[in-house]
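Read-outs throughout are calculated quantities, based only on the coordinates presented, and are distinct from any laboratory measurement. Remember, it's a predicted structure, so these values are computed and weren't measured experimentally. Glycine also receives a Cβ, built like all others from the backbone with ideal geometry; neighbour counts cover every protein chain displayed.
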Amino acid sequence: MKIALINGSPKTSGSASGCILQNLRSLLDEEGSVIGEYHLKRPGVSAEEVAALGQSDALVFAFPLYVDGIPSHLLHSLVQLEQSLVKEKQETMVYALANCGFYEGHQNRWALAMMESWCSKAGLMWGQGIGIGAGGMLPAIQSVPLGYGPKKNFGKALQQLAANIANCSADENLFVTANFPKLVYKLAAEAGWVRSAKANGLRWRDLSLRR
Ligand SMILES: Cc1cc2nc3c(=O)[nH]c(=O)nc-3n(C[C@H](O)[C@H](O)[C@H](O)COP(=O)(O)O)c2cc1C
């Protein structure tokens, strides 16, 4: 079975989407599948990528939530892919993992619905979506083993998804967040914005400037 893991984050490195796929890959490797990795970080898909994705039995997208939807560069690539995939009429399964900055995983529900809608337009079969809250934490806790501590529920959801991918089966969408207090997550995120602002020559009060 050929599985394509597609990172839809525009970040060249250190993305939460990359961490999610890395964790998922560790579970899929146990199933003995042939796994290809792709990174759609800019608008457009190369002819080689279109051909490789067209030959896959399962397409697994991991991407960040942008304004409650799919990032525009990825949407552009999906529209391009749709035109090629629709002609092939294969029984390809599609799975999607959307992660967001907000704490609640269900923030990703509309983006997953968009992916499901794309799937039916492209003539593909929708498998399952996972909405992941507190995505910003994932790169920072990369070394925490899957299924433990703040990655307990995330690990359970990935286990279920990996089994569904391996069996080419469909399932209900799942929504998870970090096993970590919401208030502490919020405070840590705010401290991170202040650090980023300082690193870019701004002051704390500039963060609340209105134009
Ligand atoms: C342009 C932009 C729009 C965003 N919109 C949302 C949003 O609507 N809701 C949300 O919870 N997070 C939003 N975020 C935060 C990202 O989803 C979050 O940082 C995510 O973990 C990034 O994933 P990545 O590292 O895989 O790119 C947005 C980030 C950016 C840059």
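Within segment 16-28, is even one residue part of a loop (DSSP other than H, G, I, E, B) and more than 16 Å from the ligand (Cβ to nearest atom)? No, every residue in segment 16-28 fails to be part of a loop (DSSP other than H, G, I, E, B) and more than 16 Å from the ligand (Cβ to nearest atom).
If the condition is being hydrophobic (A, V, I, L, M, F, W, C) and under 16 Å from Ile6 (Cα atoms), then segment 84-110 contributes Leu85, Met93, Val94, Ala96, Leu97, Ala98. Is segment 158-178 home to any residue that is in contact (Cβ under 8 Å) with a residue 12 or more places away in the chain, surrounded by 12 or more Cβ atoms within 10 Å (Cβ to Cβ), farther than 28 Å from Met114 by Cβ and not β-branched (Val, Ile, Thr)? Among the residues of segment 158-178, not one is in contact (Cβ under 8 Å) with a residue 12 or more places away in the chain, surrounded by 12 or more Cβ atoms within 10 Å (Cβ to Cβ), farther than 28 Å from Met114 by Cβ and not β-branched (Val, Ile, Thr), which makes the answer no.
So that you can scan it fast, the table gives a plain yes or no per residue for (1) of a type outside the set (S, T, N, Q); (2) in contact with a Pro (Cβ under 6 Å, 6 or more places away or on another chain); (3) surrounded by fewer than 23 Cβ atoms within 10 Å (Cβ to Cβ):
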{"position": "Gln90", "(1), (2), (3)": "no, no, yes"}
{"position": "Ala96", "(1), (2), (3)": "yes, no, no"}
{"position": "Cys100", "(1), (2), (3)": "yes, no, no"}
{"position": "Tyr103", "(1), (2), (3)": "yes, no, yes"}
{"position": "His106", "(1), (2), (3)": "yes, no, yes"}
{"position": "Glu116", "(1), (2), (3)": "yes, no, yes"}
{"position": "Lys121", "(1), (2), (3)": "yes, no, yes"}
{"position": "Ile130", "(1), (2), (3)": "yes, no, no"}
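Taken together, the residues in segment 31-53 that are touching a residue at least 40 places away in the same chain (Cβ under 8 Å) and surrounded by fewer than 19 Cβ atoms within 10 Å (Cβ to Cβ) amount to 3.
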